[in-house]
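Everything below concerns the one structure shown next.
The values are calculated or read from the model by the stated rules, or taken from the named source; none is laboratory data. In this text the structure is predicted, and so the values were computed from the model without any measurement. Neighbour counts run over all protein chains shown; Cβ positions are idealised from the backbone, glycine included.
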């Protein structure tokens, strides 16, 4: 058992390596997106800039989580501070490359950003509440409802209709982008529940408190890499395709 964290050596190493890998991946992605801005036209450059910002902010917070964990302490606030800054940017950059008109973008973006902020802000009290408590699941449900609203806008709302109207290669990339967003976002509530050894999902897998803590940290780390670096690569692909279609040629 690791004396600093109180975890079995195998579980300690899993969390340690996951945090280290996420820090490195997001840091490299920040640099990559930053130097890739010139590959797209000015119209879509803000989306690639947001991808760089998302990865940069996440890399910083992962570095703080990694160094804290290596020192034997843990602060879940770093993860939620990261999400509070990056999740609104994830939905905003999707609107930029969606092809939505300026009128629709100005109308929908603030709603999506506010809903994303509230989703994270209401999730944190549940995350730090006692396992098995009513408060934990009450905040979980509230946060989940805000997530459902964002997904509704992206699939059935005005942005969803705009995305469905796109055809060809760009249309395929936009659909892939939505599905990546959904797949990664749906995973977060699952790991949230797996992280509570008293939840029905954790009981199905017969997870101990230590195993639940390991699963949630490793799961969140993997999901963040896909939801930020992977998502950003698709955003860059869409922005590049749109720029090429509009006649932009990088220097």
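Could you say whether any residue in region 179-202 is out of contact with any helix residue (DSSP H, G or I) (no Cβ under 8 Å at 6 or more places or on another chain), farther than 19 Å from residue 120 by Cβ and free of Cβ contacts under 8 Å to residues at least 60 places away in the same chain? Within region 179-202, one or more residues are out of contact with any helix residue (DSSP H, G or I) (no Cβ under 8 Å at 6 or more places or on another chain), farther than 19 Å from residue 120 by Cβ and free of Cβ contacts under 8 Å to residues at least 60 places away in the same chain.
One line per residue, one yes/no per condition, for (1) surrounded by fewer than 18 Cβ atoms within 10 Å (Cβ to Cβ); (2) under 22 Å from residue 234 (Cα atoms); (3) at pLDDT 90 or above:
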{"position": "122", "(1), (2), (3)": "no, no, yes"}
{"position": "125", "(1), (2), (3)": "yes, no, yes"}
{"position": "141", "(1), (2), (3)": "yes, no, yes"}
{"position": "183", "(1), (2), (3)": "yes, yes, no"}
{"position": "187", "(1), (2), (3)": "yes, yes, no"}
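Being farther than 16 Å from residue 91 by Cβ, surrounded by fewer than 18 Cβ atoms within 10 Å (Cβ to Cβ) and in contact (Cβ under 8 Å) with a residue 12 or more places away in the chain, is that true of even one residue in region 214-221? Looking for residues that are farther than 16 Å from residue 91 by Cβ, surrounded by fewer than 18 Cβ atoms within 10 Å (Cβ to Cβ) and in contact (Cβ under 8 Å) with a residue 12 or more places away in the chain, one finds none in region 214-221, hence no.
Filtered by the rule that a residue be loosely packed, with under 14 Cβ neighbours inside 10 Å and free of Cβ contacts under 8 Å to residues at least 40 places away in the same chain, region 166-178 gives 167, 168, 172, 175.
Please verify whether region 69-84 includes one or more residues that are over 16 Å from the mean Cα position of the chain (by Cα), in contact (Cβ under 8 Å) with a residue 12 or more places away in the chain, part of a helix (DSSP H, G or I) and farther than 25 Å from residue 177 by Cα. Yes, some residue in region 69-84 is over 16 Å from the mean Cα position of the chain (by Cα), in contact (Cβ under 8 Å) with a residue 12 or more places away in the chain, part of a helix (DSSP H, G or I) and farther than 25 Å from residue 177 by Cα. Selection of first residues in region 55-68 that are in contact (Cβ under 8 Å) with a residue 40 or more places away in the chain and of second residues that are surrounded by fewer than 23 Cβ atoms within 10 Å (Cβ to Cβ) and not in a helix (DSSP H, G or I), restricted to Cβ pairs under 9 Å at least 6 apart or on distinct chains, gives the following pairs, ordered by first then second residue: 65/74; 65/75; 65/76. Criterion first (within 19 Å of the chain's Cα centre (by Cα), buried (at least 17 other Cβ atoms within 10 Å of the Cβ), assigned to a helix (DSSP H, G or I) and modelled with pLDDT of 85 or more) does residue 109 satisfy it? Spelling it out, residue 109 is indeed within 19 Å of the chain's Cα centre (by Cα), buried (at least 17 other Cβ atoms within 10 Å of the Cβ), assigned to a helix (DSSP H, G or I) and modelled with pLDDT of 85 or more.
On the given criteria, is residue 43 closer than 20 Å to residue 112 by Cβ and without any contact (Cβ under 8 Å) to a residue 24 or more places away in the chain? Judged against the criteria, residue 43 is not a match.
Residue check: residue 99 meets all listed conditions (1) surrounded by fewer than 18 Cβ atoms within 10 Å (Cβ to Cβ); (2) outside any helix (DSSP H, G or I) but one, namely (1). If you go through region 163-174 and pick out every residue that is touching a helix residue (DSSP H, G or I) at 6+ places or on another chain (Cβ under 7 Å), part of a helix (DSSP H, G or I) and under 21 Å from residue 105 (Cβ atoms), you end up with 4. Within the span defined as region 14-23, one or more residues are under 29 Å from residue 163 (Cβ atoms) and either in a helix (DSSP H, G or I) or modelled with pLDDT of 95 or more (or both).
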